[in-house]
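Q: The structure that follows is given in the form of structure tokens.
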Amino acid sequence: MNKKIFLWIIWILILTGILAGTAILSFCVGAASIPLKRIFSLILEGGGSSEYSILFDIRLPRILLGFAIGGALALSGVILQGMFRNPLVEPYTLGISGGAALGVSLNMLLGLQRSFGALTLPFSGFLGAISVIILVYSLTVRKGALRIQGLLLCGVMISFICSSLIMLIMALSRTEDLHGIVFWVMGSLEEPSWFLIKTVSLVSFLGLVISYFFCFDLNALSLGEEEAQHLGINIERSKRLLFILASVLTGFSVSIAGIIGFVGLVIPHFVRMVIGRDHRILLVASFLSGAAFLILCDTLARTIISPLELPVGVITGIFGGGLFVYLLSKKGHSF
Amino acid sequence: MLQVHDLTCGYDTKFFLKNINFKIKEKEFVGIIGPNGSGKTTLLRALTKIIRPRQGSIYLEGDNIENLTFKELAKKIAVVSQGLDMELRMEAEEYVLLGRIPYRRGWQFIEAHFDRDIAEGAMASTDTLKFRDRLMENLSGGERQLVVIARALAQQPKLMLLDEPTSHLDITHQVAVLDLLKRLNSNNGLTVAVVLHDLNLASEYCDRLILLQDGRIYKIGIPQEVLTYQTIEEVYKTVVVVKQNPVSLKPYVFLVSQEGQKQRK
């Protein structure tokens, strides 16, 4: 067995360990303190008590959602940074989150959620994300070639337009809706619907599997587009499919959890610095680290000022940004 | 093995190459020369399907390249481009292994043993095994160029295209790179087409030269036919003197400065 693959397996085991540890920690701590011993007996006893429902109806769904969304965001960050060869790209730079936030804000302004139920919220978010994706995509695809610089600029501009429109909506909306919009924009892993949690987990996992069909394409793209083509990669097709994959992953995440920044930007960087830049390990390592990172941040968000709860986006921003600046200053790093 | 038939192509609406016709025979060592902007790089890009022809066609071993996938093409033609990204944080061996990408099969994520053996062989024949664990960005320009050629060899191509492989190199590495190509050409039967700026290197190493001017072929032939002072003065608009290299008997182009010309008069 060669050294590189051995090292990769070790890394996957370490990261899985960290992920499992974080999940268990998150399962055990919270506003209602339930001692570890009691947890074991609760699991054995089965449902019924209120403590059991805190564990399995409140904490477990959040852990699962953190896993799915953290993984999906980090994965789409790796994919986008790889195909753009630009370290500053993240899922939200392309305007996808802006579109989703706009969709949700519109929903709240029009009161759709009150008349048709809470499920319309993620649905309208997804609709917003998809429309932005289609818009950005059709604006930047000319003569069959996906222009990467254009895509980036277009995405940033659409982000600005969306956030201006959201502010307009905020100015027009009633106070009680305003609160909802603000909280949604800040991001949260609270999601009552098991159906949505299962859907996003499935999407996120499938995303990881599909991304592995493109690991060599991404490796080749790190040399530049023309070089990748010389290595036999059909880059137009690969870029298009990778862009769609990253968009769908982000669209699903944003429409369910709101805007959770920094996971897609910081985690891929972090993993690249520590483990290396071969996409064969980078994809899965980022997925696992992103999942662990988001679960950890959510646990902090729940516990720091409990019984109140902080928006998880605040924690990922402060924590992720801080960690990133520290690493950057510690070790001269270039993309 | 390569046949370019009435090729016209370019970017957007401008036509860079017009009515190009030539053939490259198997095991030939062909130089492509011409002034800046005459279409040398564009020609190479057309040969690898990066630019599609507007008119005419290109045949590789009898197949029209339009009908070959990029993957099939990458198994037959390897390209050494101009100016590799300087900040490439990748070990030389990993970089050479990228040359095996066209050969990977469906679910194969890890290189097979023979992929490693081929990569190692490519590094051995370019004398780069000693750099295998060094990062590409830490190699000197000449060392890096040899590793890039090793990657191209790992693709096991029939034809290797190189775009100014000797620019920015000192004479030691210029000769090392071209000697290596010549060796691969005569020992392994690799067909080589190389874009060169240095007319004297082109004259010394190439069997045949293709001289381009403004996107058209000005002249094709052995160095003695192409590198005459009339042709060069006509195409490059520069006064030169052509003499024979006393050892290889190939033509050698001397540049004459303006002052030198005055003194002579």
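Q: Across peptide A:230-240, how many C-beta atoms of other chains are within 10 Å of each residue C-beta, on average?
A: 5
Q: Set the bar at 27 Å for Cα to Cα. Now go through A:LYS4/B:LYS27; B:LYS27/B:LYS75; B:LYS49/B:LYS243; A:LYS3/B:LYS130 and name every pair that lies beyond it.
A: Check vs 27 Å cut-off fails for A:LYS4/B:LYS27; B:LYS49/B:LYS243.
Q: Restricting to DSSP H runs of at least four residues, report the calculated mean residue ellipticity at 222 nm for chain A, -39500 (n - 2.57) per run over all residues, nearest 500 deg cm²/dmol.
A: Computed mean residue ellipticity for chain A: -24000 deg cm²/dmol.
Q: Same structure again: Anything over 19 Å Cα to Cα? Flag those among B:LYS25/B:LYS76; B:LYS25/B:LYS219; B:LYS25/B:LYS158; B:LYS40/B:LYS71, in the order listed.
A: With Cα atoms farther than 19 Å apart: B:LYS40/B:LYS71.
Q: Measure off 7 Å from each Cα along the Cα-to-Cβ vector at A:ILE54 and A:PHE6, then give the distance between these two points in nanometres to one decimal.
A: 4.7 nm
Q: To continue, here is another question. Largest first and to the nearest Å, give the Cα extent of the range B:166-246 along each principal axis.
A: 36, 26, 24
Q: Taking every residue in A:220-228, how many Cβ atoms of other protein chains lie within 10 Å of its Cβ, on average?
A: 5
Q: Near the amide H of B:GLN55, under 5 Å away, which other amide H atoms are found, from residues 5 or more places off or on another chain, if H is placed in the peptide plane?
A: Distant-sequence amide H within range of B:GLN55: B:THR8.
Q: Defining a contact as two alpha carbons under 8 Å apart and six or more residues distant in sequence, what relative contact order in percent does chain B show?
A: 24 percent
Q: Now, a different point. If you average 1/r over all unlike Cα pairs in chain B and invert the result, what Kirkwood radius do you get in angstrom?
A: Value: 19.6 Å, from the Cα pair sum.
Q: Report, to two decimal places, the Cα Rg of the range A:3-329 normalised by 2.2 N^0.38 Å (N = number of residues).
A: That ratio works out to 1.01.
Q: At a Förster distance of 25 Å, what's the computed FRET efficiency of B:GLU137 paired with B:PHE114, Cβ-Cβ distance as r, to 0.05?
A: Once rounded, the FRET efficiency stands at 0.30.
Q: Share of Cα-Cα pairs in the range A:263-303 beyond 16 Å, in percent?
A: 34 percent
Q: Assuming a viscosity of 0.890 mPa s and a temperature of 25 °C, what translational diffusion coefficient in µm² per second does Stokes-Einstein assign to the range A:200-306, Rh being the Kirkwood radius over Cα pairs?
A: 161 µm²/s
Q: By how many nm would the segment from B:ASN36 to B:GLU234 grow when fully extended, if each residue of separation counts as 0.36 nm and the alpha-carbon distance is taken off?
A: That pair, B:ASN36 and B:GLU234, stretches by 69.8 nm at full extension.
Q: What is the list of residues in the range A:208-248 whose amide nitrogen lies under 17 Å from a point 7 angstrom out from the Cα of B:TYR11, following Cα to Cβ?
A: Residues A:225-227 qualify, since their backbone N sits under 17 Å from the label point.
Q: Helix check for chain A. Which DSSP H runs span at least 27 Å along their own axis by Cα, with a mean Kyte-Doolittle hydropathy no less than -0.5?
A: In chain A, the long hydrophobic H runs are A:3-28, A:60-84, A:120-140, A:148-172, A:235-257, A:279-303.
Q: Further question on the same structure: For the protein assembly as shown, state what percent of all Cα-Cα pairs lands in each successive 20 Å bin, counting from 0 Å until the bin that includes the largest distance.
A: That works out to 18, 42, 27, 12, 2, 0, in percent per bin.
Each reported figure results from applying straightforward, stated rules to the coordinates on display, with no laboratory input. What you see is a predicted model; the values in this text were computed from it and never measured. For neighbour counting, all protein chains shown are included, and Cβ atoms are generated from backbone atoms with ideal geometry for every residue, glycine included.
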